[in-house]
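Derivation of every value follows stated rules applied to the coordinates shown; laboratory data play no part. As the structure is a prediction and not an experimental result, all values here were calculated from the model. Every residue, glycine as well, gets a Cβ built from its backbone with ideal geometry; the counts of neighbours run over all protein chains shown.
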Ligand SMILES: Nc1ncnc2c1ncn2[C@@H]1O[C@H](COP(=O)(O)OP(=O)(O)OP(=O)(O)O)[C@@H](O)[C@H]1O
C-alpha cells in the first residue's frame, strides 16, 4: 500500500446506515498516459463479503486505495458509506477498518497496550448500536491473542503479528473493513479461525468486508461475491457458484448404483439428482456433483483478457450474472 495522497477539503456528515455500502460507477484511473481502470462498476451491501481478484498489476490496490480515500481517482462516481471518500473526514474514517500488510511500528509496545491505545481514537464515534472501541479483552479473545496480550510486539511470531493486524483493523468496530491478503503467513488453524472471524463479523455485526487475495481457495470459502478485475474492468461479478455456471454450464454428477459407477453431465444438476433419488432412493451411494472450480473460472477470465477477448467476457458476465 502507498502513502495517502488524497484529500483536499474534508467534511463530515452524520452517517446514516446506507442501503449500499459501496457504490462504484464508471471508475477510471490514469497513471501518466496509461489507463489502469477503464470504467469499473460494482456495489456492496451491508454484511456482504466481497473478494476482489485479478492478475498482478490489474489495479486491485488502486481500486481499494480509492475506496479508502488514500488515492484520488481520475474519473467516475464513488460513494462509500454514503460519502465520497476523496473528501470524507474523521467520522467517516472511524467507520472504516483497514488490515494492511503487516504492522511494523511500535515494536516495544505490548499487544494489549497498543490495542487499548488505538481504541481511544474511536471512543468519540461510539453509537448505541455500535459501541466503540471494542473491549480490549473481548477483541484479544476474538483474534486468538489472549495468551499473548502482554507480549511485546517484537516478540510475536509472523502469524500472531498478522492476528494483531486484524485486531488493529477491527478495534473501532468498523461498518466496512478492507482486508489486504489477510491470511498471508497463517498456519491452517489460524486460517480457519480467521475465516470464522470474518463470517462472524459479517453475519453478527453486519460489517461489509472487501478483501483482496491471490488465494482462490480462500476467496471461495470467504466471499459471498467474487469480483474479477482484468483489463481495467470488472469482468466477473457473482458467487463462486454463479461464476462457475457461467464458465462451464454443465456440472458432472457421479454416483454408484448396485455397485456400478455412473456419471452424467447436466446443466440442471439439482433436478437430475432429485430424479435419481426418486427412482432409486437409498440404493444411490457415493453421490458427488462437480462444478467448475473458482480456479477454472479465474484462469478462463484472465486468459480471455490476455487474448483480447475481455469485452466479450465482460458482456457475457454482465448478461449472465447480474
Ligand atoms: N503511483 C503510481 N504511478 C504510476 N503507476 C502506478 C502507480 N500505482 C500503480 N501503478 C501501476 O498501475 C497498475 C496497477 O497497479 P496496482 O498496484 O493497483 O495493481 P494490483 O492489481 O494491486 O497488483 P498486485 O496484484 O501486483 O498487487 C500497475 O501497472 C502499476 O504499475
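The table for this structure:
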| item | result |
| --- | --- |
| The chain: relative contact order as a whole-number percent, Cα under 8 Å and 6+ apart | 19 percent |
| Rounded tilt (10° steps) of 294-306 against the dominant C-alpha axis of the chain | 80 degrees |
| Residue-span extension gain [residue 267 to residue 196] - 0.36 nm each, minus C-alpha spacing | 22.3 nm |
| Long-range Cα-Cα pairs in the chain (distance over 29 Å), rounded percent | 45 percent |
| Sorted largest first, extent of segment 57-160 alpha carbons per principal axis (Å) | 47, 39, 20 |
| Whole-number D in µm² s⁻¹ for segment 188-315, Kirkwood Cα-pair radius fed into Stokes-Einstein, 25 °C, 0.890 mPa s | 144 µm²/s |
| Ranked 307, 87, criterion: other C-beta atoms within 10 Å, fewest first | 307, 87 |
| Between segment 137-164 and segment 55-78, the Cα center-to-center distance that results, in Å | 31 Å |
| Estimated distance in nm for a label pair at residue 282 and residue 31, the labels positioned 7 Å out from Cα along Cα-to-Cβ | 6.3 nm |
| Cα→Cβ-extended label distance, 7 Å offset, between residue 189 and residue 147, nm | 0.8 nm |
| Acute angle (nearest 10 degrees) that the helix 310-321 long axis makes with the longest principal axis of the chain, alpha-carbon atoms | 80 degrees |
| For the chain, calculated [θ]222 nm from helices alone, where every DSSP H run of n ≥ 4 adds -39500 (n - 2.57) | -10500 deg cm²/dmol |
| Inter-label distance for residue 296 and residue 45, nm, one decimal - labels placed 7 Å from Cα along Cα-to-Cβ | 2.8 nm |
| Helix 269-280 axis, angle to the chain major axis (alpha carbon atoms, nearest 10°) | 50 degrees |
| Viscosity 1.567 mPa s, temperature 4 °C, Stokes-Einstein D of segment 150-209 from Kirkwood C-alpha radius, µm²/s | 107 µm²/s |
| Computed E for residue 256/residue 113 - FRET, C-beta separation, R0 56 angstrom, nearest 0.05 | 0.40 |
| Percentage relative contact order, segment 159-227, counting C-alpha pairs under 8 Å, at least six apart | 37 percent |
